[in-house]
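The structure appears right after this line, and notes come after that.
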Amino acid sequence: MSLMASSMTTAVSSEAIARYEPVIGLEVHVQLATRTKIFCGCPTSFGAPPNTNVCPVCLGLPGALPVLSRQAVELAIEAALALNCRVNSRSIFARKNYFYPDLPKGYQISQYDQPLAEHGYVDIEVGGVQKRIGITRVHMEDDAGKSIHEGFKDSDRYTYVDLNRSGTPLIEIVSDPDIRSADEAHAYLTAIKQVLQYVEVSSCDMEKGHLRCDANVSVRLKGAEKFGTKAEVKNLNSFRFLKLAVDQEIERQVGILESGGRVLQETRLFNVETGETVGMRSKEHAHDYRYFPEPDLVPLRISETWLSDIRAKMPELPAARRARFIESFGLREYDAQVLTATRAMSDYFEKVAAASGDPRAAANWVMGDLAGLLKADGKEIEESPVRAANLGRLVALIAQGKISGKLAKEVFPKMFASGKTPEAIMAEENLTQISDEGALGKIIDEVIAANPKQLEQYRSGKTAVMNFFLGQVMKASRGQADPAAVTKLLKEKL
């Protein structure tokens, strides 16, 4: 009965789901951006031929001893600090024993009861409501290899093992059970990814397996204090799949409880073809792994001096940068959110703002014209053909009255196509703004002479016709006329 209940999926009404409160915790696995593996000198490069980035240590051969990577430790500490964790002065590596074809040692080197860091948090916002999600711990570990399955029929099914990934340095970020919906889970993982990319701890490239997520999901009747029985959904490798899997698992568990069944504690996988979670194995407990201290590694000790040195070289974090953009530059909250989405975007915008002297105008150009051309060209901000200083110079030229906003809209695509400065484009295209009263007066006289009907309307009191004359002068000057100077001369001549 219980086994059947754990796997069945029935339609569940929204009213039934509304009676329950989901309780969700995420375990996020992040590959650190080191050049070599955590306990040996093998490269971590992606895409190498199978079983070529290996050595006796990461193959788990007898007598091979691990040596901890200092770079991996420093990146892990940076991640912990960026996630507002307390870094422990002493942590211990442990052997986590389990058997799987792509785990050559028969155990994983991880951290158990004395992790690298604890008690952090991430702030998220969902539906306009801000919430703080606690982080239980951040610990270091090495990755297993990869099993590659081919074929569908029993007679033509093969599994290959690639151990290139074995020994790759990971951190595991374990949240408190503070998440209450799939949307909150999505927002939490988004915030984790943004922060870690900001401090360049990891590329967080999900397609390469650099960011993976397990979701622990349970449900309880609203108002109940005791947690329900949780199921763990393993290896979610996209934000979309995380959201779908959590929603489906909530519905599955509510359906079981509403039909009088009992949810089993188990490990499940998300089937992307059917959109459902499926049972994989009964959930292990800590004692199943027979943890014990790794005898070949001494305790990891982090001195205050080392910690201070790492903290000092860390960049400004996204939340702090957002607040500064709003306070110092007068940006709207939405604009600050967009401009701090990535560290590269933030850095680019700051350079444009500095060169332009007008942060708000700089923000509009970066989020509007530049973003549009980059998207159309399939480029990221790091690949922008327009240097930040050149875009800032264009914005400054508008403010100085040396080029109109309309003309700047013509110059900018040419800057994007060529990488040239705005001054160079303006010189080549003869696009300098016309402010000379003699030259402008001649154009205005020709426009007035060509439009006697509108002249009569203006002189009869219809002053709104002024905009018509202004438009005609700008058109005749190819947008090069100084609008302020044109308006002044038009009033005099009309």
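Taking only segment 431-443 into account, find how many residues are modelled with pLDDT of 70 or more and either more than 18 Å from LEU407 (Cβ to Cβ) or assigned to a loop (DSSP other than H, G, I, E, B) (or both).
Step one: list which residues in segment 431-443 are modelled with pLDDT of 70 or more, which gives 442-443.
Those left that are additionally either more than 18 Å from LEU407 (Cβ to Cβ) or assigned to a loop (DSSP other than H, G, I, E, B) (or both): 442.
Number of matching residues: 1.
Which residue out of ARG86, ARG35 is surrounded by fewer than 17 Cβ atoms within 10 Å (Cβ to Cβ) and either in contact with a His (Cβ under 8 Å, 6 or more places away or on another chain) or not assigned by TED's automatic domain parsing to the domain that holds ALA144 (or both)?
Values: ARG35 fails: either in contact with a His (Cβ under 8 Å, 6 or more places away or on another chain) or not assigned by TED's automatic domain parsing to the domain that holds ALA144 (or both).
Within the list ARG86, ARG35, the selection yields ARG86.
In segment 92-109 there is at least one residue matching the filter, namely being farther than 13 Å from GLU141 by Cβ and without any contact (Cβ under 8 Å) to a residue 24 or more places away in the chain. Screening SER202 with (1) modelled with pLDDT under 95; (2) within 18 Å of the chain's Cα centre (by Cα) gives one miss only, at (1).
Criterion first (charged (D, E, K, R), surrounded by 18 or more Cβ atoms within 10 Å (Cβ to Cβ) and in contact (Cβ under 8 Å) with a residue 40 or more places away in the chain) does GLU78 satisfy it? Please lay out each step first, then the result.
Values: charged (D, E, K, R): yes; surrounded by 18 or more Cβ atoms within 10 Å (Cβ to Cβ): yes; in contact (Cβ under 8 Å) with a residue 40 or more places away in the chain: yes.
Spelling it out, GLU78 is indeed charged (D, E, K, R), surrounded by 18 or more Cβ atoms within 10 Å (Cβ to Cβ) and in contact (Cβ under 8 Å) with a residue 40 or more places away in the chain.
Exactly one residue among ILE179, ILE192, ILE171 is among the aliphatic types (A, V, I, L, M) and touching a Gly at 6+ places or on another chain (Cβ under 9 Å), and that residue is ILE179.
Do we find that THR136 is in contact with a strand residue (DSSP E or B) (Cβ under 9 Å, 6 or more places away or on another chain) and at pLDDT 95 or above in this structure? Talk me through it step by step, then tell me what you get.
On the way: in contact with a strand residue (DSSP E or B) (Cβ under 9 Å, 6 or more places away or on another chain): yes; at pLDDT 95 or above: yes.
In short, yes.
The single condition among (1) in contact (Cβ under 8 Å) with a residue 40 or more places away in the chain; (2) over 12 Å from the mean Cα position of the chain (by Cα) that GLY151 does not meet is (1).
Please go through segment 93-136 and pick out each residue that is acidic (Asp, Glu) and either assigned to a strand (DSSP E or B) or not assigned by TED's automatic domain parsing to the domain that holds THR190 (or both). Residues satisfying the conditions are GLU118, ASP123, GLU125.
Kindly indicate whether LYS406 is more than 24 Å from THR190 (Cα to Cα), basic (Lys, Arg) and over 31 Å from the mean Cα position of the chain (by Cα). Outline the logic, then answer.
Numbers: more than 24 Å from THR190 (Cα to Cα): yes; basic (Lys, Arg): yes; over 31 Å from the mean Cα position of the chain (by Cα): yes.
Yes; evaluated as a whole, the condition is true for this residue.
Counting only strands (runs of 3 or more DSSP E) that sit wholly inside segment 231-285, those with at least 2 residues that are at pLDDT below 90 are 276-282.
Just to be sure, is CYS213 outside any loop (DSSP other than H, G, I, E, B), under 14 Å from VAL28 (Cα atoms) and not charged (D, E, K, R)? Write out each step before concluding.
Working: outside any loop (DSSP other than H, G, I, E, B): yes; under 14 Å from VAL28 (Cα atoms): yes; not charged (D, E, K, R): yes.
Here the answer is yes, as CYS213 does meet what is asked.
Quick check on segment 361-372. Is at least one of its residues modelled with pLDDT of 95 or more, farther than 30 Å from MET140 by Cβ and among the polar types (S, T, N, Q)? Scanning segment 361-372, I find at least one residue that is modelled with pLDDT of 95 or more, farther than 30 Å from MET140 by Cβ and among the polar types (S, T, N, Q), so the answer is yes.
Being among the hydroxyl-bearing types (Ser, Thr, Tyr) and part of a strand (DSSP E or B) is the filter; apply it to segment 18-69 and report the residue that is nearest to GLN194 (Cα to Cα). So, considering only residues that are among the hydroxyl-bearing types (Ser, Thr, Tyr) and part of a strand (DSSP E or B), the one nearest to GLN194 (Cα to Cα) is THR36.
Quick one: in segment 90-110, which of the residues that are among the aliphatic types (A, V, I, L, M) and at pLDDT 95 or above is nearest to the chain's Cα centre (by Cα)? That would be ILE109. Pairing residues of segment 328-340 that are buried (at least 21 other Cβ atoms within 10 Å of the Cβ) with residues that are assigned to a helix (DSSP H, G or I) and among the aromatic types (Phe, Trp, Tyr), at Cβ distances under 6 Å and at least 6 apart in sequence or on separate chains, gives LEU331/PHE325; ALA336/PHE325; LEU339/PHE349. Looking only at residues of segment 45-67 that are touching a strand residue (DSSP E or B) at 6+ places or on another chain (Cβ under 7 Å) and surrounded by fewer than 22 Cβ atoms within 10 Å (Cβ to Cβ), we find that the one that is nearest to GLN111 (Cα to Cα) is PRO66.
Meeting the requirement of 3 or more residues that are surrounded by fewer than 22 Cβ atoms within 10 Å (Cβ to Cβ), the strands (runs of 3 or more DSSP E) wholly within segment 137-195 are 146-150, 158-162.
When segment 244-302 is filtered for residues that are without any contact (Cβ under 8 Å) to a residue 12 or more places away in the chain and within 20 Å of CYS213 (Cα to Cα), the ones remaining, listed by number, are ASN271, GLU273, THR274, HIS285. The condition of being small (Gly, Ala, Ser) and over 23 Å from GLY106 (Cα atoms) holds for SER202. Residues that are closer than 30 Å to SER218 by Cα and out of contact with any Gly (no Cβ under 9 Å at 6 or more places or on another chain) do not occur anywhere in segment 35-50.
Of the conditions (1) farther than 30 Å from ALA344 by Cα; (2) among the hydrophobic types (A, V, I, L, M, F, W, C); (3) in contact (Cβ under 8 Å) with a residue 60 or more places away in the chain, LEU116 clears all except one; give me its number. In the conditions (1) farther than 30 Å from ALA344 by Cα; (2) among the hydrophobic types (A, V, I, L, M, F, W, C); (3) in contact (Cβ under 8 Å) with a residue 60 or more places away in the chain, LEU116 misses (1) alone.
This table checks each residue for (1) closer than 19 Å to TYR198 by Cβ; (2) of a type in the set (Asp, Glu).
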site: GLY330; (1), (2): no, no
site: VAL338; (1), (2): yes, no
site: ALA341; (1), (2): yes, no
site: LEU373; (1), (2): no, no
site: GLU382; (1), (2): yes, yes
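The values are calculated or read from the model by the stated rules, or taken from the named source; none is laboratory data. The structure presented is a predicted model; accordingly, all values stated were derived computationally and were not measured. In this analysis, Cβ positions are derived from the backbone assuming ideal geometry, glycine residues included, and neighbour counts consider all displayed protein chains.
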